[in-house]
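Notes for the one structure printed next.
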Amino acid sequence: MIRLHDADRIRTITLDRPEALNAFNEALYDATTEALIDAAADPGVAVVLLTGTGRAFSAGTDVAEMAEHGRGTATRGRHGFNGLVDQLAAFPKPLVCAVNGLALGVGATMLGYADLVFMSTDARLRCPFTALGVAPEAGSSFTFPLLLGRQRAAWVLMSSEWLTAEECVRIGLVWRACAPDRLLPEATEYARVLASKPLASLIGTKRTIISSSREAIAQAREREHQAFRRLLGGPANVEALTALAARREPDFVTIDAQHPVVTSEHAT
């Protein structure tokens, strides 16, 4: 599920489920969360570098297992989605992400918790929430406006459009775009600079940067959970999943006409 490599006080965590485009099932959520917990507690680790193997950084939550959960035939993991996001939000040491390929759903929104993000010029990123008839996740309704500004974040979260590495750099979600063969070397080079600094200073500096945002992120996540629960299984979400299974474009205009939205019910 994951591979770990330690060198120069850098722990590289590689998502290693390439046959599923590194989509997070319960096992991968748990393995990644445990790896972050261990890295946070290990005094020999100063920086974590997170990347993926194969064609994807992560394709988001595993939709096949999600369907099993809907049928009540899948077992919940120890940490799951919320546990991973909790650990990302609380992670005390520098977190560097090297986006090697497709970043979709939580594979994209988790970048809001990284301290530095590098992205392959071959990679693409998408937040597909409106295309699925649901709402944002992982605190991205706060972290993305904070990083990108409101209008850029609104486009990323509302449009469900694919973004290139160059676009991600331009809007501020990614720090550097790298040629594919330079992605890990360059990300590691910068991680090595950070890892050469005193650990207490790194932790103290990160704490000063993120402390003021922690409560706002928690509140955003709760609003997202409420919106997600309200929308999941609704007419637009059902149409999105039906269209996905049929390999056709969803017809949200017709769905909205058949099921008029009462704006006040979604405004609080």
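Read-outs: derived from the displayed coordinates by stated rules, not from any lab. In this text, all values refer to a predicted model and were calculated from it rather than measured experimentally. Virtual Cβ from ideal backbone geometry, glycine too; neighbours counted across all protein chains shown.
Take the chain and mark each of the trypsin sites (Lys or Arg not before Pro) that is in a DSSP loop with at most 15 other Cβ atoms within 10 Å; the longest unmarked stretch, sites excluded, is 79-246.
Along segment 115-126 the Karplus relation, 6.51 cos²θ - 1.76 cosθ + 1.60 evaluated at θ = phi - 60°, assigns HN-Hα couplings of 8, 9, 10, 10, 9, 5, 5, 8, 7, 9, 9, 8 Hz to successive residues, with x for each Gly and Pro. Summing Cβ point charges (Lys, Arg +1; Asp, Glu -1) relative to the Cα centre of the chain gives a dipole of roughly 540 debye. The tail of the calculated P(r) for segment 2-195 beyond 27 Å holds 23 percent of all Cα-Cα pairs.
Mind sorting 1, 119, 158 by how few other Cβ atoms lie within 10 Å of their own Cβ, fewest first?
Numbers: 1 16, 119 30, 158 12.
By the 10 Å Cβ count, ascending: 158, 1, 119.
Note on segment 119-268: percent of Cα-Cα distances in each 5 Å bin, starting at 0 and stopping at the bin with the largest distance, equals 2, 8, 12, 16, 16, 16, 13, 7, 5, 4, 2, 0, 0.
Cβ-to-Cβ counts within 10 Å put 252, 142 in ascending order as 252, 142, the fewest first.
Once you order the gyration tensor axes a ≥ b ≥ c over the Cα atoms, which shape class does segment 128-169 get: rounded for a/c under 1.5, otherwise prolate or oblate by comparing a/b with b/c? Oblate, because a/c is 1.5 or more while a/b does not exceed b/c.
Phi angles across segment 25-35 convert, under the Karplus curve 6.51 cos²θ - 1.76 cosθ + 1.60 with θ = phi - 60°, into 3J(HN,Hα) values of 8, 4, 5, 6, 4, 5, 5, 5, 4, 4, 5 Hz, Gly and Pro given as x. In angstrom, the C-alpha Rg and Dmax of segment 92-187 are 12.5, 39.
Projecting the Cα atoms of 90, 246, 210 onto the charge dipole of the chain, computed from C-beta unit charges around the Cα centre, puts 210 farthest toward the positive end. Pull up all non-local amide H partners of residue 50: gap of 5 or more, or a different chain, and H-to-H distance under 5 Å with H placed in the peptide plane. Those lying under 5 Å, H to H, from residue 50 are 13, 96, 97, 98. Footprinting exposure proxy ranking of 265, 166, fewest other C-beta atoms within 10 angstrom first, gives 265, 166. When you restrict to C-alpha pairs under 8 Å that are six or more residues apart and normalise by the size of segment 134-244, the relative contact order lands at 46 percent. Does anyone have the angle between helix 235-246 and the longest principal axis of the chain? Alpha-carbon axes, 0 to 90°, nearest 10? Computed tilt is about 80 degrees. For the chain, adding -39500 (n - 2.57) for each run of n ≥ 4 DSSP H residues and dividing by the number of residues yields -15500 deg cm²/dmol at 222 nm.
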